[in-house]
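First the structure, in the form of structure tokens, and then the observations on it.
The values are calculated or read from the model by the stated rules, or taken from the named source; none is laboratory data. Since we're looking at a predicted model, the values are computed, not measured. Reconstructed Cβ throughout: ideal geometry from the backbone, glycine too, with neighbour counts over all protein chains shown. With ligands, DNA and RNA removed, areas are computed over all heavy atoms of the protein, side chains included. Shrake-Rupley method; radii C 1.70, N 1.55, O 1.52, S 1.80 Å.
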Amino acid sequence: MHPVLGNIRSLAWYALVWLFAGVLIAKLIYFTGRGDWAQAFAFAIPLTLVYGFINLSAYYVSRSSPLASDRRLRVVLTALFNAMLTACFWLALAMGWNVILHEWQTAIVMDTGTTMIMIVVGTVLYLLSIAIYYVMMMARQAEQAKQNELQSAVLSRDAELRMLRAQIDPHFLFNSLNSISALTHSDPDGARRMTVELAAFFRQTLALAQKPLITLREEWNLCEHFLSVEKVRFGNRLTVEMMLPEQLYDILLPPMLIQPLAENAVKHGIAQCVEGGTIRIHALTDGPYAHIVIENPMEDESSYSEGTHIGLDNIRKRIQNQYGRDARLTTEKQNRLFVAKLSIPVSPGEVSA
């Protein structure tokens with residue numbers, strides 16, 4: 001939406017500015033001897049107001065030629081061409097309007113000097129309009145960047161809170177401790193293993209909460225500890241297959257992007273399947289992107305619930321703020337499998353040869 005046309009107040013101020021410009025042009029006509037006050041105002045005011053609305057097109061010119069360090073000459077030439085073209089159109093309107101005024105005995109002197117003044121003034125006003133729109137666009141981009149930064153900070157804080165909540169999640173902790181208690185007599189080694197994995201998971205979430213970015217290997221370890229705890233709890237109902245190529249260890253990403261997907265796979269997948277199943281997590285690269293794919297079985301595809309989508313939406317917002325449109329999280333159901341695919345851009349230095 002045009003920033004002027006989208007608001008009545010802005011439109012009123014815009015018309016007032018051009019009315020003031022019309023007064024200045026009328027004075028110029030009068031003081032250069034091309035007409036008396038009545039002729040100058042009759043010629044300049046309506047014509048300038050019309051030109052003001054024609055200048056609304058400068059917004060679209062500035063949008064079609066965004067400022068960039070490698071395109072400055074093109075931006076300048078585009079602006080100058082459109083300004084001169086619009087000024088010539090305004091001159092044609094002025095000549096026609098002056099013919100009408102001539103019928104009313106209020107025409108000004110339309111000589112070569114007047115023509116040059118119209119061209120120069122029209123060009124300058126149009127270029128000034130383009131410059132103002134560029135300033136407005138930069139201010140809007142700065143405001144948008146500030147909002148994105150604020151939203152990113154909120155989402156990071158939310159992720160941190162999720163990690164802290166995971167440390168003290170009574171449901172997760174209660175189930176884990178119950179499982180440890182049950183295993184103490186039947187499987188002491190399993191109880192010990194689960195205790196170690198539980199401690200490692202809590203210790204790592206505490207450490208990662210302090211970092212804005214972590215390596216994929218660190219995130220992978222967090223998922224391994226989490227799934228190890230769940231594997232002891234679910235027993236033979238849960239099988240885990242994870243594959244992370246060594247060359248992808250150093251890829252950087254915000255913490256807790258993959259662990260919530262693994263948690264969803266357990267909560268909405270394995271926990272709902274009577275016979276359990278296998279959670280598969282693997283990572284790969286494709287050109288400038290890294291893909292992390294998480295698969296879990298579904299008992300019934302038609303009744304499968306993905307929950308409230310809060311976790312998935314949170315991840316989508318976080319990767320959007322971190323990577324922009326270059327990253328995405330997609331989900332699909334196929335052959336009684338729920339597949340989540342997280343794609344993020346990577347730089348050549350992050351992937352080992």
For region 105-114, how many residues meet the condition of being open to solvent by less than 40 Å² (accessible area, probe 1.4 Å) and over 13 Å from Asp36 (Cα atoms)? 2
How many residues are open to solvent by 70 Å² or more (accessible area, probe 1.4 Å) and not aromatic (Phe, Trp, Tyr) when one looks only at region 8-18? 4
For region 172-218 the number of residues that are open to solvent by less than 60 Å² (accessible area, probe 1.4 Å), over 29 Å from the mean Cα position of the chain (by Cα) and of a type in the set (S, T, N, Q) is 4
Does region 236-247 contain any residue that is within 30 Å of the chain's Cα centre (by Cα) and open to solvent by less than 10 Å² (accessible area, probe 1.4 Å)? no
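Before we move on, is Phe201 of a type outside the set (Lys, Arg), touching a Phe, Trp or Tyr at 6+ places or on another chain (Cβ under 6 Å), under 24 Å from Leu252 (Cβ atoms) and at pLDDT below 85?
On the way: of a type outside the set (Lys, Arg): yes; touching a Phe, Trp or Tyr at 6+ places or on another chain (Cβ under 6 Å): yes; under 24 Å from Leu252 (Cβ atoms): yes; at pLDDT below 85: yes.
In short, yes.
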Is at least one residue of region 23-30 within 18 Å of Met116 (Cβ to Cβ), touching an Asp or Glu at 6+ places or on another chain (Cβ under 9 Å), outside any helix (DSSP H, G or I) and open to solvent by 20 Å² or more (accessible area, probe 1.4 Å)? no
The lone exception for Leu73 - which of (1) part of a helix (DSSP H, G or I); (2) over 40 Å from the mean Cα position of the chain (by Cα) it fails: (2)
Please go through region 332-353 and give me each residue that is surrounded by 13 or more Cβ atoms within 10 Å (Cβ to Cβ) and either in a loop (DSSP other than H, G, I, E, B) or of a type in the set (S, T, N, Q) (or both), ordered by number. Arg336, Ser343, Val346, Val351
Hey, any hits in region 128-141 for a residue that's modelled with pLDDT of 85 or more, assigned to a helix (DSSP H, G or I), under 30 Å from Leu257 (Cβ atoms) and small (Gly, Ala, Ser)? no
